[in-house]
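The values are calculated or read from the model by the stated rules, or taken from the named source; none is laboratory data. What you see is a predicted model; the values in this text were computed from it and never measured. Because the Cβ atoms are built from the backbone with ideal geometry, glycine has one as well, and the counts that use them run over all protein chains shown. Accessible surface is based on the protein model in full, side chains and every heavy atom, while ligands, DNA and RNA are left aside. Shrake-Rupley method; radii C 1.70, N 1.55, O 1.52, S 1.80 Å.
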Amino acid sequence: SKYKSDKEFFRAKQVGKSPDLATAKKIALLNAKAELAGNIKSLIKRVTDEYTNQRTVGDKQEFENKFEELSREVVNQTLTDVKLIDEKIFKEQDGGYSYWTAIEVSKQSILEGVNNKISKNEKLQLDYDKKKFEDIFNSEMDKMSKEQ
């Protein structure tokens, strides 16, 4: 359970296998980051959908599209803030390696990234209620942690 996402952190764990240890590490980390990015994008999509449904936003479709584009940038930027929380190396009978890794990124890092990007976009900023977005984001993080 310590490797599952909760209300404070997005987490992912993956394994990479290769005859070469460095390659096994690269595979595991790449897959873990892809999983993490997918989970963050899914959550931001749910938050954005709920947020735009609860608010009267000028051009709802345009807002959602711009917000989705912004969230992709935030996720890509945030993946550089990923923290390695555990790793294990196993030597296989065939001489190859299995490398297991667990990574995390804080929800606060994601929220700050969204807020920073929005503050630089005048059009989005007009329709953005930071407190409302954070409330929905926190609610979705709570739901996600209870589901796991």
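Structure data summary
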{"read-out": "Selection within segment 29-43 - in contact (Cβ under 8 Å) with a residue 24 or more places away in the chain, under 26 Å from Gly96 (Cα atoms) and open to solvent by 60 Å² or more (accessible area, probe 1.4 Å)", "value": "Leu29, Lys33"}
{"read-out": "Residue under evaluation Asn53, criteria (1) outside any helix (DSSP H, G or I); (2) more than 19 Å from the chain's Cα centre (by Cα), criterion not met", "value": "(1)"}
{"read-out": "Selection count where residues are exposed (fewer than 13 other Cβ atoms within 10 Å of the Cβ) and either at pLDDT below 90 or within 16 Å of the chain's Cα centre (by Cα) (or both), scope segment 90-115", "value": "1"}
{"read-out": "Evaluation of Tyr128 against (1) surrounded by 13 or more Cβ atoms within 10 Å (Cβ to Cβ); (2) under 19 Å from the mean Cα position of the chain (by Cα); (3) not in a helix (DSSP H, G or I) (one fails), failing number", "value": "(2)"}
{"read-out": "Tally, over segment 9-28, of residues that are assigned to a helix (DSSP H, G or I) and either among the basic types (Lys, Arg) or open to solvent by 70 Å² or more (accessible area, probe 1.4 Å) (or both)", "value": "2"}
{"read-out": "Single residue of Phe90, Phe63 found to be aromatic (Phe, Trp, Tyr), out of contact with any Phe, Trp or Tyr (no Cβ under 6 Å at 6 or more places or on another chain) and closer than 17 Å to Asn115 by Cα", "value": "Phe63"}
{"read-out": "Any pair with Cβ under 7 angstrom, 6 or more apart, that starts in segment 61-85 at a residue that is not in a helix (DSSP H, G or I) and ends at one that is not hydrophobic (A, V, I, L, M, F, W, C)", "value": "Val82/Lys33; Lys83/Glu104; Leu84/Thr101; Ile85/Glu104"}
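Results for (1) of a type outside the set (Gly, Ala, Ser); (2) within 22 Å of Glu35 (Cβ to Cβ); (3) in contact (Cβ under 8 Å) with a residue 24 or more places away in the chain, shown as yes or no for each residue.
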residue: Ile110; (1), (2), (3): yes, yes, yes
residue: Ser119; (1), (2), (3): no, no, no
residue: Leu124; (1), (2), (3): yes, no, yes
residue: Tyr128; (1), (2), (3): yes, no, no
residue: Phe137; (1), (2), (3): yes, yes, yes
residue: Lys146; (1), (2), (3): yes, yes, no
